[in-house]
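Enquirer: A single structure is presented below for examination.
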Amino acid sequence: MAGTLLVLFGSWRLARSRSVQLMGGLVQRIDTSAPVVALTFDDGPTPAVTDSLIRILARHGAQATFFVTGQELAANPALGARLVAAGHELGNHTWSHARLE
């Protein structure tokens, strides 16, 4: 029983961590003296929005991080591939964007 509680508590703490990444790399800071803006987009990728964002960002020579949901990415894998091919980063925004409290 104590072992189960320890595993559950540890899992809960890990899920709430802002500085631990189990797969892939975690970028928390970019050291630069240049003024920069980080562009991020949440949810998707969706056909109605993603291709137009790719075109607009390309026109301005800008790159962004797209925090995609697993459901949308599974439904639109070609859009995810186009984002990566255009030089953008993909971030994990959960499977279904459930309210995480």
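Readers should treat all values here as calculations from the given coordinates under stated rules, not as data from a laboratory. Keep in mind it's a predicted model, so treat the numbers as computed, not measured. Every residue, glycine among them, receives a Cβ derived from its backbone with ideal geometry; neighbour counts consider all protein chains shown.
Enquirer: Quick check for me: using +1 on Lys/Arg Cβ and -1 on Asp/Glu Cβ, what's the dipole size of region 22-101 about its Cα centre, in debye to the nearest 20?
Expert: 200
Enquirer: If I model a spin label as a point 7 Å beyond the Cα along the Cα-Cβ vector, how far apart are those points for LEU90 and LEU6 in nm?
Expert: Label at LEU90, label at LEU6, 3.7 nm between them.
Enquirer: Another one. Kindly write out, for region 31-40 in residue order, the coupling ³J(HN,Hα) from the Karplus curve 6.51 cos²θ - 1.76 cosθ + 1.60 (θ = phi - 60°), rounded to whole Hz, with x marking Gly and Pro.
Expert: 7, 7, 9, 7, x, 9, 10, 9, 8, 10
Enquirer: In terms of modelled amide H atoms, which long-range or inter-chain residues lie less than 5 Å from the amide H of PHE41?
Expert: Under 5 Å from the amide H of PHE41 lie the amide H atoms of THR65, PHE66, PHE67, each far enough along the sequence or on another chain.
Enquirer: Separate question: Sorted by mean Cβ packing within 10 Å, highest first, what order do the peptides 81-89, 27-35 take?
Expert: 81-89, 27-35
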